[in-house]
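Chemist: The following block contains the structure, expressed as structure tokens.
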Amino acid sequence: MEILTGEVIDIKNEFKTYREFKEKFDGSLNMQAEAFVLTGYLIKRARDTDVLKESGYKDYNEFAAAEYGLDKSQVSRYIGINDQFSEGGYSDRLQERYKNFGYTKLAIMLTLPATVNKELTSDYSKQEILTLKAEIDEEKQRTDIEVMLEEKDSRQQAYDLFGKVLYQLGHDDPELYMQIYGAARLKDTDGSYDQMADVLADILAPAGEGIRIVRIAGEGKLSLNIKGCGINPVIINLRTAEKTEGTWDGMIRSVLGLYKAAKDPAENWKILYGEDFPGKKPEVAPVQPERGEKQEQKKPGRVIVSKPQKPKTTGEDKRLANKPAEENVTEPSKTVTEDQKEEERANDENTVVAPVQPDIPAQQAENSEDTAPSGADGDDAGPADDAPAAGTGDGSRSGDAEDDTSLKKEPPAAGMKENAEGQIEIADYTGIAPDNTAANQRQATVGIFLTALRDNLDKVYILTERGEYQNAEKWLEAVKGTIHKIRDISEADNG
């Protein structure tokens, strides 16, 4: 048996805590990152000057391979790290903002667009950056033609870019929509834009900063980058690396566009997306632990990928699924005539299609409101709970729609008021256009009418769904007037 001799090093007291050990390890990685930037800089100098003239090597690649065993791909990686992360893109020093990342993260980030990297901080973990890379790589597998041919959501197209992202977030994650709805409800208690922005920032980035990734049909994957309500939100198109900077005032206006002023968030969700709310909203908030009780909390992630809801099974799908298999098989000995086929088709249609209801006059609809069902699921999703139409060409509702007594009259939207004749007109721009320049006034006006337009299109949809076709056509005239108003203001602004 071999006996080991020599001095035994006691390493137990070298690091008293995990934190000390981690700081030492991070420092080592940071030095590696600095070394890689320096190495990349020296290779670039060998490439761009005649410093290798006396070496006998024909170029920097041959020099790196012969002296240090670096192949062309490794040399290219060193140069890339220096290009992206050194001061000025050509320096032996790492940019200050990247000094705490470490080489491993920077090596991953080297494959990401520069616009994406600029939104990251050292707090993002290696796994979170890998998640972001995976989402970008997956989107790149789709061709531009495939994306162009995707069917777009017509409702979603009514919003600006930030509104589209919030719309998609709410659809993909109904529970998140519930929280966004809570931020929108602050307007009912005279909450300021600053208060709403603070709440919304916490909802979208519970870790204090974060990235929300959604995929929008016809546009691809977009990342919404949040760094608290003190810094403007940013959207990056992960296909094109195009960056769009917004404002929190604009975000709040988009949120208010998702808020339909119905009785509860599930009803709002149904009106907004034209679908039944998936699942059941909890009626009672979860019990909070008593003070002093320790509860392990899961650390919130910084990169959150929004996954689309699975398509719902339609009534026809369910009927076919429940239909016995033998009914779908034609027995060889059985002869079916054309008359029998027609009769079977009529029977099938009667099982899934409700009979067409006759048009109900406006006054009759109002008198029967308490007895007639108001929605497909029994909920009161009708226009009685919605805001009034706004905007013909002169700022008023159309004459026919004004006489519609089946629609309960509600106060006008924020920033609007009714004059003595009951017409809708702009009231003020407080909180919407703090800078009272003419251009901002017009922009704020357009924003108000766009919000009214979305609400009125929802109203037309609901009236049509309820079979009140005449009322829907009347309200459509108010929608046309709103569009004309938006066009007039926008053309004046462009002129």
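Chemist: Over 23 Å, how big is the tail of the calculated P(r) for region 66-175, in percent of all Cα pairs?
Modeler: 50
Chemist: Oh, and also: Distance check, please: which entries in 22/227; 133/227; 164/263 exceed 22 angstrom between their Cα atoms?
Modeler: 22/227; 164/263
Chemist: Which ³J(HN,Hα) values, rounded to whole Hz and listed in residue order, are derived for region 173-180 from phi using the Karplus coefficients 6.51, -1.76 and 1.60 in 6.51 cos²θ - 1.76 cosθ + 1.60 with θ = phi - 60°, glycine and proline given as x?
Modeler: 9, x, 5, 5, 4, 4, 5, 4
Chemist: Then there's this: What is the Å³ per residue value for the convex hull set by the Cα atoms of region 29-113?
Modeler: In region 29-113, the Cα convex hull volume per residue is 92 Å³.
Chemist: Normalized C-alpha radius of gyration of region 168-260, against 2.2 N^0.38 Å?
Modeler: Normalised Cα radius of gyration, region 168-260: 1.05.
Chemist: Post the alpha-carbon centroid distance, region 36-75 to region 81-140, in whole angstrom.
Modeler: 24
Quick note: the coordinates plus some simple rules give every number you see, no bench work behind them. Everything quoted here is computed from the prediction, not taken from an experiment.
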